[in-house]
Every structure is written in structure tokens, then in C-alpha cells.
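Worksheet: the structure to be examined is printed underneath.
The values are calculated or read from the model by the stated rules, or taken from the named source; none is laboratory data. Owing to the predicted nature of the structure, the values given are computational and were not obtained by experimental measurement. Cβ: placed from backbone, ideal geometry, glycine included. Neighbour counts: every protein chain shown. Note: areas computed on protein heavy atoms with side chains; ligands, DNA, RNA excluded. Shrake-Rupley method; radii C 1.70, N 1.55, O 1.52, S 1.80 Å.
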Amino acid sequence: AGILNFCANNYLGLSSHPEVIRAGVETLEQFGAGLSSVRFICGTQSIHKDLEEKISCFHQREDAILYASCFDANAGIFEALLTPEDAVLSDELNHASIIDGIRLCKANKYRYKHMDMQDLEAKLQDAQKHRLRLVATDGAFSMDGDIAPLKEICRLAEKYEALVFIDECHATGFLGPNGRGTDELLGVMDKVTIINSTLGKALGGAAGGYTTGPKPLIDLLRQRSRPYLFSNSLPPAVVGCASKALDLLMESNAIAQSMAAKTQRFRSKMTAAGFTISGQDHPICPVMLGDARLAAVMADDMLSRGIYVIGFSYPVVPKGKARIRVQISAVHSDEDIDRCVEAFTEVGRKHGALP
Ligand code: PLP
């Protein structure tokens with residue numbers, strides 16, 4: 001029956017959507033293979049401006065700026081925004097690209113314990129001496145599928161006059177009633193100041209990233225952000241695919257709902273089978289196994305049964321917390337989900353992960 005991919009970030013299945021592919025081909029033909037330039041020289045076409053407008057409209061923000069990747073968006077923002085008089089407060093489990101972006105800036109750095117609001121408050125109190133405070137967190141954390149407590153983070157940010165930045169790579173397009181992301185899910189769209197996200201996961205899966213937020217911030221990034229200033233602009237075909245993906249999501253949230261139903265099916269069937277699945281209602285479904293070798297051997301055995309999954313162990317996740325990270329997509333059928341659960345159950349029994 002072929003191999004089923006359960007380890008891609010293709011949450012909505014848009015990378016193989018016929019309309020997304022057609023839009024990419026048409027844009028390639030009409031606008032060429034590439035611009036051979038950064039944006040501010042001769043690398044801006046109408047499609048780049050249109051996509052930036054669409055992104056800000058999707059997130060209900062004032063403006064947006066495109067990058068070659070979200071890694072670049074994260075590399076560019078902190079240095080451009082923060083000075084040595086400022087402070088950045090970062091969740092200890094933030095994505096590597098946020099950590100690297102923060103390393104590049106000269107602000108005072110605070111690292112709070114993962115999703116620990118008491119620790120964040122203590123660090124915010126300490127950071128009151130600085131000119132400006134920025135709290136930075138992943139909206140959804142990719143290793144555990146857990147969701148940042150944005151309501152509490154925004155409440156603390158208000159109390160201590162801080163700005164909130166979220167990385168929405170594992171949320172854009174599918175979390176929240178209209179797929180706007182974690183801020184919509186948790187009812188704080190008007191409280192989160194800055195969003196960075198990717199076009200390389202749910203939004204077509206090719207490449208590209210962006211920052212969206214207040215217009216003065218985006219203007220500042222166009223003047224100062226180094227990955228924007230010194231790296232080639234996004235290829236037209238990539239822009240065309242992402243733009244069509246956003247059109248589809250703004251027309252209807254049926255695809256996101258279908259993915260949510262399949263996530264629910266997988267999580268409940270796996271839990272009933274006796275597995276522990278980390279995270280909350282997120283399509284990242286880490287099957288917790290503990291032992292690194294067990295995770296690797298089980299993942300190999302799953303592949304021999306036609307299910308493509310990968311074991312994660314130290315140093316990617318803490319010691320003793322090895323897991324197989326399953327990712328659900330809207331393109332999985334109910335039968336695909338059931339086939340995956342059956343394979344896990346057989347392999348789990350064989351290797352002693354289940355009684
Ligand atoms: N931020 C998070 C949370 C991610 O998971 C990733 C990708 O793995 C990135 C940023 C980087 O995104 P991109 O692939 O667009 O550079």
C-alpha cells in the first residue's frame with residue numbers, strides 16, 4: 001500500500017494541493033525563475049508586495065516583511081529591534097533560530113523556565129531596570145506539541161510593560177477557529193505585538209518566512225534587518241504557492257478542521273491503546289517512549305510496516321525523554337490514521353513498550 005509519511009510539517013497537505021502547484025507553475029512562467037537580487041535593489045515584484053499584504057491581512061496586523069526563511073526572520077529581528085539598554089526574556093525551550101537570533105543582539109538576556117509564569121514574572125521584575133522588554137516564545141513548541149500560555153504571558157507583559165513576540169511556525173494556518181494561530185486560539189490577537197512564521201510548513205511547505213506586526217516595526221526591519229538586506233528575495237514560484245495557500249485558508253477553514261479531527265482520532269486511539277502522547281490537541285503527537293534505543297528500533301520497525309516516523313533522542317530532546325514524533329496532516333485519511341495506530345500497537349507490543 002506504499003509508505004505513509006507521518007513525520008512532515010505538511011499539516012494541511014497544501015504542498016501537494018493541485019491549486020497550490022498550479023499557482024506555483026503559473027507564477028514561475030509569468031515572473032521568471034528568480035530575481036538575482038536582494039529586495040531593495042531589483043528584487044521586488046508586485047507578487048512580493050501582494051504576499052506581504054496578504055500575510056498582514058491573514059494575521060490582522062498592519063504590515064509584513066518576507067524573508068528567505070523563518071530562520072532568517074528570527075535571525076534578523078532581535079538585533080534590529082533591541083539595544084544594549086533593552087532586555088529580552090526567552091523561554092528556555094525556544095527554537096534554535098530564536099536562540100541564535102537573540103545571541104546576535106546586544107540586549108540583556110533572560111531565560112525563563114519552560115512555560116513557567118512565576119519564573120517569567122520574577123525575570124520581568126528584574127528586567128524593569130531596562131528601557132524596553134520583549135518576551136519571546138514559540139506559540140507551539142515543536143518537540144512536545146505543547147502550547148505557550150499566551151493569555152498569562154500577555155497579562156504579565158501588560159503588567160510589566162513588555163512587548164510579546166511569538167514564533168508561529170507550528171501554528172500558522174491551523175490553530176484557532178480560523179487558523180490564524182496561537183494568538184487566535186487563546187484570544188490574544190490584539191495583545192501579541194510581533195509574529196514570526198514560516199511558509200515552509202503548513203503554507204505550502206516550500207520555503208520562506210516573515211515578520212508581521214506594527215508598521216513602524218516592519219519599516220525598521222526593511223532598513224536594518226541583515227538577512228532581509230543581504231540575502232536574495234524569495235523566488236516567484238515559492239511566492240505563488242504561498243499566496244495560493246493563504247487564499248485557500250482565507251476562503252474556508254475546512255482543511256484545518258479536517259486535520260483537527262484526524263489529530264483527535266490519532267490521539268484518542270493511541271491513548272486507548274496504552275501509549276502516552278505529549279502535548280495538547282496539536283498535530284504534533286509525540287509518542288513518549290523514554291529510551292533512545294527503543295525509539296530508534298520502533299521507528300525502523302514502523303518503516304518496515306509502511307509508516308514513516310522518526311525517533312528523537314538526546315541531544316534533540318532531554319535524556320530519558322526519547323520519543324517518536326508523529327505529525328498528522330489533513331491529507332491523511334481516517335484509514336491512514338488507523339493503519340498507523342495498528343502498526344504502533346503491533347510494534348509497541350513486540351518491543352515491550354506496551355504490555
Ligand atoms: N521556528 C520554529 C519553531 C521552527 O520549527 C522552524 C523550523 O524548523 C523555524 C523557526 C525555521 O523555519 P524555516 O524552515 O522557515 O527556516
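Points to keep in mind about this one:
- Flag for residue 219 being within 12 Å of the ligand (Cβ to nearest atom), modelled with pLDDT of 95 or more and out of contact with any Lys or Arg (no Cβ under 8 Å at 6 or more places or on another chain): no
- The set of residues in segment 8-24 that are part of a loop (DSSP other than H, G, I, E, B) and crowded, with 17+ Cβ neighbours inside 10 Å comprises 9, 10, 11, 12, 13, 17.
- Residue that is surrounded by fewer than 19 Cβ atoms within 10 Å (Cβ to Cβ), within 13 Å of the ligand (Cβ to nearest atom), in contact (Cβ under 8 Å) with a residue 24 or more places away in the chain and outside the structural domain of residue 278 (by the TED database), where the choices are 148, 171, 202, 207: 207
- Of all residues assigned to segment 81-95, at least one qualifies as being crowded, with 21+ Cβ neighbours inside 10 Å, assigned to a helix (DSSP H, G or I) and touching a residue at least 24 places away in the same chain (Cβ under 8 Å).
- Screening residue 61 with (1) within 27 Å of residue 178 (Cα to Cα); (2) in a helix (DSSP H, G or I); (3) of a type outside the set (Gly, Ala, Ser); (4) in contact with a helix residue (DSSP H, G or I) (Cβ under 9 Å, 6 or more places away or on another chain) gives one miss only, at (2).
- Taking every residue in segment 253-281 that is within 17 Å of residue 323 (Cβ to Cβ) and pairing it with any residue that is open to solvent by less than 50 Å² (accessible area, probe 1.4 Å) and hydroxyl-bearing (Ser, Thr, Tyr), at least 6 positions away or on another chain, the pairs with Cβ-Cβ distances below 6 Å are 273/345.
- You will find that of 45, 60, the residue that is at pLDDT 95 or above, open to solvent by 40 Å² or more (accessible area, probe 1.4 Å) and away from the ligand (no atom under 16 Å from the Cβ) is 60 and no other.
- Residues in segment 316-335 that are of a type outside the set (A, V, I, L, M) and open to solvent by less than 30 Å² (accessible area, probe 1.4 Å): 323, 325, 327, 329, 332.
- Check on residue 278, at pLDDT 95 or above and under 24 Å from the mean Cα position of the chain (by Cα): yes
- Of all residues assigned to segment 122-132, none qualifies as being closer than 30 Å to residue 327 by Cβ and outside the structural domain of residue 278 (by the TED database).
- Residues satisfying the stated conditions in segment 178-193, i.e. surrounded by fewer than 21 Cβ atoms within 10 Å (Cβ to Cβ) and under 20 Å from residue 67 (Cβ atoms): 193
- Candidates 65, 77: the one that is open to solvent by less than 30 Å² (accessible area, probe 1.4 Å) and farther than 22 Å from residue 133 by Cα is 65.
- There is at least one residue in segment 76-87 that is touching a Pro at 6+ places or on another chain (Cβ under 7 Å), assigned by the TED database to the domain that holds residue 189 and modelled with pLDDT of 95 or more.
- Within segment 228-240, considering residues that are part of a helix (DSSP H, G or I) and either more than 16 Å from residue 43 (Cβ to Cβ) or more than 19 Å from the chain's Cα centre (by Cα) (or both), the one nearest to the ligand (Cβ to nearest atom): 228
- Within segment 96-136, being crowded, with 21+ Cβ neighbours inside 10 Å, in a helix (DSSP H, G or I) and of a type in the set (A, V, I, L, M) holds for 98, 102, 120, 124, 127.
- Residue in segment 251-262 that is out of contact with any Cys (no Cβ under 8 Å at 6 or more places or on another chain), closer than 17 Å to residue 53 by Cα and part of a helix (DSSP H, G or I) present: yes
- Residue match in segment 25-34 (condition: under 20 Å from residue 234 (Cβ atoms), assigned by the TED database to the domain that holds residue 179, open to solvent by 30 Å² or more (accessible area, probe 1.4 Å) and among the acidic types (Asp, Glu)): yes
- In segment 151-168, the residues that are away from the ligand (no atom under 12 Å from the Cβ) and assigned to a loop (DSSP other than H, G, I, E, B): 160, 161
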